[in-house]
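Asker: Got a structure for you, written out below as structure tokens; questions coming shortly.
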Amino acid sequence: MNKAVLEFSSRPENVAFARVAVAALAAQLDFTLSDLDEIKVAVSEAVTNAIIHGYENQPDRIVRVEIKIAEEYIGIEVIDHGKGIKDINKALEPAYSTDPERMGLGFAFMQSFMEKFEVSSIPGKGTRVKMGRRAGTPGRQAVPEQ
């Protein structure tokens, strides 16, 4: 197993850092360029949510990203210790956002681009987004409904 932990300030310019760092590790596996792009979008959305919603754009907080790679699988966790999510089911609805300036599609992108997707949150304590994908396997958007 290979793993890395990133911790960085909750500043918007660090979203790109998280994307590139995760993609660099994911590139060790047999992902296509398209797969890597989807993983980068999912990471961007999770980190952006932590900064904007979790920390309400306070730049002095810390976002943690944990990455684990084993047997052609990448697992990613994005963790904040911000305000948390009161109603996860509501937050997971496409186009729902607590910020009227946002489109509310972040969780939808994460769900569609990753095989594994799970959100846990405690109001007032923070949020943890767990995502994962196996190389050679499409994200959920390519899986036919049954």
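Asker: Taking residue 15 as meeting all but one of (1) under 17 Å from residue 133 (Cα atoms); (2) modelled with pLDDT of 95 or more; (3) assigned to a helix (DSSP H, G or I), write down the number of the exception.
Answerer: The failed condition is (1).
Asker: So, one more: Tell me which residues, restricted to the stretch 23-36, are assigned to a helix (DSSP H, G or I) and out of contact with any Leu (no Cβ under 8 Å at 6 or more places or on another chain). Lay out the reasoning, then the answer.
Answerer: Of the residues in the stretch 23-36, the ones assigned to a helix (DSSP H, G or I) are 23-26, 33-36.
If the condition is that a residue be assigned to a helix (DSSP H, G or I) and out of contact with any Leu (no Cβ under 8 Å at 6 or more places or on another chain), then 24, 25, 33, 34, 35, 36 are the ones that fit.
Asker: Let me ask something additional. Which condition from (1) over 17 Å from residue 130 (Cβ atoms); (2) modelled with pLDDT under 95; (3) of a type outside the set (Gly, Ala, Ser) is the one that residue 62 breaks?
Answerer: Result: residue 62 fails condition (2) only.
Asker: Here is a further query. Given 75, 126, which one is surrounded by 15 or more Cβ atoms within 10 Å (Cβ to Cβ), modelled with pLDDT of 95 or more and on the phi > 0 side of the Ramachandran plot?
Answerer: Selected residue: 126, the only one of 75, 126 that is surrounded by 15 or more Cβ atoms within 10 Å (Cβ to Cβ), modelled with pLDDT of 95 or more and on the phi > 0 side of the Ramachandran plot.
Asker: Scan the stretch 88-97 and tell me whether some residue there is among the charged types (D, E, K, R), assigned to a loop (DSSP other than H, G, I, E, B) and more than 23 Å from residue 136 (Cβ to Cβ). Steps first, answer last, please.
Answerer: Within the stretch 88-97, the subset among the charged types (D, E, K, R) is 90, 93.
Of the ones still in play, those that are also assigned to a loop (DSSP other than H, G, I, E, B) are 93.
The next check asks that each one be more than 23 Å from residue 136 (Cβ to Cβ); those that pass are 93.
Taking every residue of the stretch 88-97 in turn, at least one turns out to be among the charged types (D, E, K, R), assigned to a loop (DSSP other than H, G, I, E, B) and more than 23 Å from residue 136 (Cβ to Cβ).
The values are calculated or read from the model by the stated rules, or taken from the named source; none is laboratory data. Just so it is clear, the structure is predicted and the values come from calculations on it, not from any experiment. Cβ atoms come from the backbone with ideal geometry, glycine included; neighbour counts cover every protein chain shown.
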